[in-house]
2 protein chains.
Amino acid sequence: MTDSAKTKRGKRERLVAAASQVLHQQGVEKTTLADIARVAEVPLGNVYYYFKTKDQLVEAAIDAHALGFRAMTASLDAHTGPRDRLKALLRGWIEQREVTARYGCPTGTLCSELDKRTDGLDRAAAEVMRLLIDYAERQFRAMGRADSHELAIALVAAYQGISLLTNTFRDPELMAVEGRRLERWIDSLA
Amino acid sequence: MTDSAKTKRGKRERLVAAASQVLHQQGVEKTTLADIARVAEVPLGNVYYYFKTKDQLVEAAIDAHALGFRAMTASLDAHTGPRDRLKALLRGWIEQREVTARYGCPTGTLCSELDKRTDGLDRAAAEVMRLLIDYAERQFRAMGRADSHELAIALVAAYQGISLLTNTFRDPELMAVEGRRLERWIDSLA
DNA sequence: GTCTATATTTAGATAGAC
DNA sequence: GTCTATCTAAATATAGAC
């Protein structure tokens, strides 16, 4: 991606990209539309031409996040088998450890924060988490595990938990160590 | 606790108790001082006699949370051995599963949300998480494990992760199932 | 110490010129 | 479609009577 917000992609697209980034870094509640507009290099008043409310922009960012996840898993499917796909997922998490140490897991922080809301945004975030669990579950099932659902929950929980600790203590090594532990765990499964 | 906010405990004490409750339920950013004052049954303007800023009240609530955790572990130490203490910890988490499904782990949600802040409040929340890890680590060490630190991180990460999923999907059974899995894991350790 | 009324600030949202 | 200026609502914080 050589494009920055500066370049002449569509403004709507720039706003969504800027929202994804800033919402992850600052959290939903602490992010103002002015913050997003500045990063997207779109005048504040113009935001409302594309999104009627802040919530609609947040929802668009979540949808973009879900789309990005589907693209990632699609490329993961290039790997030969389900075990390799799971380990590739783990390695991706380990590679992102610096970002995670600074800002947490994008999906996890969204779910945690948006859960406090009564409107539908919390369900949109939960949907992304569901995508992740379902993907892991399919791999465990392809490995022939009858307890694929429980294993998928355990894997994603371990990742979300270590993401939170990595972020809380600002220590990327936590993710690296736990990631390797999870890799050994996956190798140990029949 | 037969005391409600109504009773004539000190106002400062009532404000801290109300803050602990409401901050857990609504999150820090979405909670107003008016919310806390209402639950504590203290007039809004009077809050500022006890706390100069909202942040100071939030910090007092975090400190109270840390104090409560120390009291809990002190009573856990009544258990015969380190393995029983860890399993008692797990059973406590399982017992809290309905609250966790609705509002998440109090410590985890605080750490996740406050991490987005630059002031010192994020470190106050991290300290409570540190207490939890240190306690678990002491038990693993007492069990004779050389890898007590790694095990403590894994245990707390598993708990924090399943708390997030339990909350995200509003499903207390997730905590119950994973809690039993973690109990078996602790039993399996030499 | 207590509490009402209000000042101040900020951010979401809109009006209307171009 | 774009953008400046502004409205409005809400929340933190304060003033000052009691």
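Pairs please, first residue from the stretch A:133-150 and closer than 19 Å to B:Gly161 by Cα, second anywhere and of a type in the set (Val, Ile, Thr) and in a helix (DSSP H, G or I), Cβ atoms under 7 Å, 6+ apart in sequence or on different chains. Sorted first by the residue in the stretch A:133-150, then by its partner, the pairs are A:Ile133/A:Ile153; A:Ile133/A:Val156; A:Tyr135/A:Thr73; A:Ala136/A:Val156; A:Glu150/B:Val177. Screening the stretch A:29-83 for residues that are polar (S, T, N, Q) and either surrounded by 15 or more Cβ atoms within 10 Å (Cβ to Cβ) or at pLDDT below 95 (or both) and picking the one that is farthest from DNA strand D (Cβ to nearest atom) gives A:Thr80. Scan the stretch A:77-135 for residues that are within 21 Å of A:Trp185 (Cβ to Cβ), more than 14 Å from every other protein chain (Cβ to nearest Cβ) and of a type in the set (Asp, Glu) and the total you get is 2.
Scanning the stretch A:8-49 for residues that are within 21 Å of A:Leu114 (Cβ to Cβ) and not aliphatic (A, V, I, L, M) returns A:Ser20, A:Gln21, A:His24, A:Gln25, A:Gln26, A:Gly27, A:Glu29, A:Lys30, A:Thr31, A:Thr32, A:Asp35.
Evaluate the following for B:Thr118: is it closer than 30 Å to A:Thr118 by Cα and at pLDDT below 95? Considered against the rule, which asks whether it is closer than 30 Å to A:Thr118 by Cα and at pLDDT below 95, B:Thr118 comes out as yes.
Answer yes if at least one residue in the stretch B:146-154 is farther than 21 Å from A:Glu173 by Cα, more than 8 Å from chain A (Cβ to nearest Cβ), surrounded by fewer than 24 Cβ atoms within 10 Å (Cβ to Cβ) and of a type outside the set (S, T, N, Q), and no otherwise. No: the stretch B:146-154 contains no residue that is farther than 21 Å from A:Glu173 by Cα, more than 8 Å from chain A (Cβ to nearest Cβ), surrounded by fewer than 24 Cβ atoms within 10 Å (Cβ to Cβ) and of a type outside the set (S, T, N, Q). The test for being hydroxyl-bearing (Ser, Thr, Tyr) and more than 10 Å from chain A (Cβ to nearest Cβ) does not hold for B:Ser163.
The values are calculated or read from the model by the stated rules, or taken from the named source; none is laboratory data. Predicted model only: the values in this text are computed from it and were never measured. Here the Cβ is made from the backbone with ideal geometry for all residues, glycine too, and neighbour counts use every protein chain on show.
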